[in-house]
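Here is the structure we will look at.
The values are calculated or read from the model by the stated rules, or taken from the named source; none is laboratory data. Predicted model only: the values in this text are computed from it and were never measured. Cβ placement follows ideal geometry from the backbone for every residue including glycine, while neighbour counts extend to all protein chains displayed. Only protein heavy atoms, including side chains, enter the accessible area calculation; ligands, DNA and RNA are left aside. Shrake-Rupley method; radii C 1.70, N 1.55, O 1.52, S 1.80 Å.
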Amino acid sequence: MTATTQPAPPVLSARRRWTVLAVCCLSMFLVGLETTIVNVGLPAVGRDLGVDTHGLEWIVDAYTLVLASLLISSGALADRFGRRRVFHCGLVLFGAASLVCALAPTAGVLVTGRALQGVGASMLSPVALAIVVNAMPDPKERAQAIGVWASVFGLSMAVGPVLGGALLAGLDWRALFWVSTPVIAIALLLGAVFVPESRAQRPRRLDLPGQVLLTMVLAGVVGVLIEGPRLGWTSPALLAGLAWAALAAAGFVWVESRRREPLVDLRLFRRPAFSGAVVGAVAVFVALSTTLLLNTLYLQHTREWTPLAAGVATLPFALGATVCAPWSGRMVGRVGPRLPLLLAGGSITAGGLCLVGLTPDTGVPLLLAAYSLIGIGFGFANAPITNTAVNGLPPARAGVAGAITSTARQLGAAVGIALAGGLVAAESPTGIAGASRPGWALVAACGVLLLLVARTSRPERAAAGPPSTQER
């Protein structure tokens, strides 16, 4: 492809640079909020629309699966056609899809609306990061901005259950989708005024074969995990699904390794720091989504708590993430990512171990302590993971790195929901506590994996100039 020369991005004032960051953080708050706010309303959705646990899993994973599948392609579209333009399109589509969800008369329409939300959200996450990187030419300021960006995203996911419980106390589950409307309106207005248009100097071609194969892989894996407990792990349908996912994965690796401009540059994974960040992103979000789903079903079904009470029970989680997320961002800027990753891994491991012996009568103090530890770990994890992934690469590749780690996060969220739902799907309310124990062991294992990832987290020195021909 013939390279096109783009004008140098305008130098923004400090006030405008941080205003751009605020607008992008607002959009990321929306993406993260919609990932978790629905969890606390799942029992109400199930009662109103007549949906069982397997159907509820699809209501959550339709969003995360589509989001994970399209993140990288949306980033490439933004590089080519303009980041602000794609960013605004994503906000409008997300708002329209939220209206579909809020008015959904059946579970099928709700799942479709959630999938459309995922399409819109895919235009926000990597594009917002690319806008931030483009607006912050100074490496030190850019590192601080990335830390803030990652912290806000983590915070939004932490407060989702609390806000959801509060909305359900006075309204019904449809309010969980109406809440995004004012946020979208504010982001659209501020984005039109303050966010400058930008494009990549050398936009990548769209990789349609890679996009199709990636979607096939993710859909196959998540579909098998969700439907396995219902259909049977040795049923012909499940074995066919496994074969589908395996063949798609092999095809994806083969195609991507031979394309000049692949959807996912597999050579990035040769960098230990980058590979570790991707693994860490998956682990953190498996732990997060497992925690939120098991917590919702246990508190509302087994202990018969109201949605508000179940949401309030996650306040220690939200407070831990709220306090530790910005602290982690500052810590990364001062001492690097290893220490906050160690704190994240240790806290998540301890939180999961607190509940591996969960019973229907487990004391509330132990529950709150476990939620607090997991929230602290989640708060410490996001900034070092994003910073590690982006810092080892030239600025021109920051958007690609951010998109891959964002994909890994959403893949982790989808897998966590599928695994946790599979553990308790067929259980009676009194049996959920015992059936969920392997899920809490999984949360602890994710924390241990983060401790191992911390060994690879020393950031590589970023390249001073544009990427080489080989890197491109």
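Tabulated values for the structure
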read-out: Test: residue 98 is touching a Ser or Thr at 6+ places or on another chain (Cβ under 6 Å), open to solvent by less than 10 Å² (accessible area, probe 1.4 Å), closer than 24 Å to residue 183 by Cα and of a type in the set (Ser, Thr, Tyr); value: yes
read-out: Residue, farthest from residue 39 (Cα to Cα), within segment 74-85, restricted to residues that are open to solvent by 20 Å² or more (accessible area, probe 1.4 Å) and not aromatic (Phe, Trp, Tyr); value: 80
read-out: Residue list for segment 168-182, filter: touching a residue at least 40 places away in the same chain (Cβ under 8 Å) and within 13 Å of residue 96 (Cα to Cα); value: 177, 178, 179, 180, 181
read-out: Qualifying residue in segment 289-300 (condition: closer than 17 Å to residue 412 by Cβ, buried (at least 19 other Cβ atoms within 10 Å of the Cβ) and touching a Cys at 6+ places or on another chain (Cβ under 9 Å)); value: yes
read-out: Test: residue 261 is more than 30 Å from residue 24 (Cα to Cα) and open to solvent by less than 40 Å² (accessible area, probe 1.4 Å); value: no
read-out: Single match in 60, 66, 86, 45 (criterion: over 30 Å from residue 310 (Cβ atoms) and either in a loop (DSSP other than H, G, I, E, B) or not aromatic (Phe, Trp, Tyr) (or both)); value: 86
read-out: Test: residue in segment 329-338 that is within 20 Å of the chain's Cα centre (by Cα) and either free of Cβ contacts under 8 Å to residues at least 40 places away in the same chain or surrounded by fewer than 19 Cβ atoms within 10 Å (Cβ to Cβ) (or both); value: no
read-out: Leading residue by the ranking (least open to solvent (accessible area, probe 1.4 Å)) among those in segment 411-435 that are in contact with a helix residue (DSSP H, G or I) (Cβ under 6 Å, 6 or more places away or on another chain) and not in a helix (DSSP H, G or I); value: 425
read-out: Matching residues, segment 207-238, being touching a Lys or Arg at 6+ places or on another chain (Cβ under 8 Å) and not in a helix (DSSP H, G or I); value: 207
read-out: So residue 264, is it modelled with pLDDT under 85, out of contact with any strand residue (DSSP E or B) (no Cβ under 9 Å at 6 or more places or on another chain) and of a type in the set (Val, Ile, Thr); value: yes
read-out: Residue check for residue 66: among the aliphatic types (A, V, I, L, M), open to solvent by 30 Å² or more (accessible area, probe 1.4 Å) and under 17 Å from residue 409 (Cβ atoms); value: yes
read-out: Top-ranked residue in segment 264-288 [being of a type in the set (Lys, Arg) and in a helix (DSSP H, G or I); ranked as most open to solvent (accessible area, probe 1.4 Å)]; value: 270
read-out: Residues that are of a type in the set (Phe, Trp, Tyr) and touching a residue at least 60 places away in the same chain (Cβ under 8 Å), drawn from segment 246-286; value: 274, 285
read-out: Of all residues in segment 25-65 being charged (D, E, K, R) and more than 25 Å from residue 214 (Cβ to Cβ), the one that is modelled with the highest pLDDT; value: 48
read-out: Residue match in segment 234-241 (condition: without any contact (Cβ under 8 Å) to a residue 24 or more places away in the chain and within 26 Å of the chain's Cα centre (by Cα)); value: yes
read-out: Some residue of segment 158-166 being within 20 Å of residue 384 (Cα to Cα) and part of a helix (DSSP H, G or I); value: yes
read-out: Residues satisfying the stated conditions in segment 341-357, i.e. under 13 Å from residue 372 (Cα atoms) and crowded, with 24+ Cβ neighbours inside 10 Å; value: 344, 347, 348, 351, 352, 355
read-out: Unique residue being open to solvent by less than 20 Å² (accessible area, probe 1.4 Å) and not β-branched (Val, Ile, Thr) when the list is 232, 223; value: 223
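For (1) of a type in the set (D, E, K, R); (2) modelled with pLDDT under 90, each residue gets a yes or a no:
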site	(1), (2)
89	no, no
96	no, no
108	no, no
111	no, no
115	no, no
119	no, no
126	no, yes
133	no, yes
140	yes, yes
